[in-house]
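To start, the structure under review is shown below, and the notes come after it.
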Amino acid sequence: MKRVHVFISGRVQGVFFREYTRRKAEELGVKGWVRNLSDGRVEAVFEGEDEAVDAIVKWCWEGSPYSNVSNVEAREEAYTGEFERFEIRW
């Protein structure tokens, strides 16, 4: 099991990035959360099977159909198993 904390930069707010991330996480069986930051980036924490977490981190470079991702900063952290589902945070 794996946990990755990501920060996504580019045109990622106001383009349904969080909703598409939630859908992709649910499709892959990944748990955690995603939220907008005041500096225009999107932040997310993903937990799950190694392959699923790797897949959603890779997907973050694509994002929603309306986004334009310029960078994905990903840091692996200690897996906690604290999440029951994937949610959008406000």
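The values are calculated or read from the model by the stated rules, or taken from the named source; none is laboratory data. The model shown is predicted, which means the values in this text are computed figures rather than measured ones. Counting neighbours? That spans all protein chains shown, and the Cβs are built from the backbone with ideal geometry, glycine included.
Can you say whether Val30 is touching a His at 6+ places or on another chain (Cβ under 6 Å) and under 20 Å from Arg85 (Cα atoms), as far as the supplied structure shows? Can you show your working first?
Values: touching a His at 6+ places or on another chain (Cβ under 6 Å): no; under 20 Å from Arg85 (Cα atoms): yes.
It is false that Val30 is touching a His at 6+ places or on another chain (Cβ under 6 Å) and under 20 Å from Arg85 (Cα atoms).
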| task | Starting from the range 71-90, keep only residues that are under 18 Å from Trp59 (Cβ atoms), then list their pairs with residues that are among the polar types (S, T, N, Q) and at pLDDT below 95 whose Cβ atoms are within a distance under 7 Å, requiring at least 6 positions of separation or different chains. | result | none
| query | Within the range 26-68, can you find the residues that are at negative phi, in a loop (DSSP other than H, G, I, E, B) and surrounded by fewer than 16 Cβ atoms within 10 Å (Cβ to Cβ)? | reply | Leu37, Ser38, Asp39, Glu49, Trp61, Glu62, Pro65, Tyr66
| Can we say Val57 is touching a strand residue (DSSP E or B) at 6+ places or on another chain (Cβ under 6 Å), modelled with pLDDT of 95 or more and among the aliphatic types (A, V, I, L, M)? | yes
| said: Restricting to the range 4-25, count the residues that are surrounded by fewer than 21 Cβ atoms within 10 Å (Cβ to Cβ), in contact (Cβ under 8 Å) with a residue 12 or more places away in the chain and either over 11 Å from the mean Cα position of the chain (by Cα) or at positive phi (or both). | reply: 6
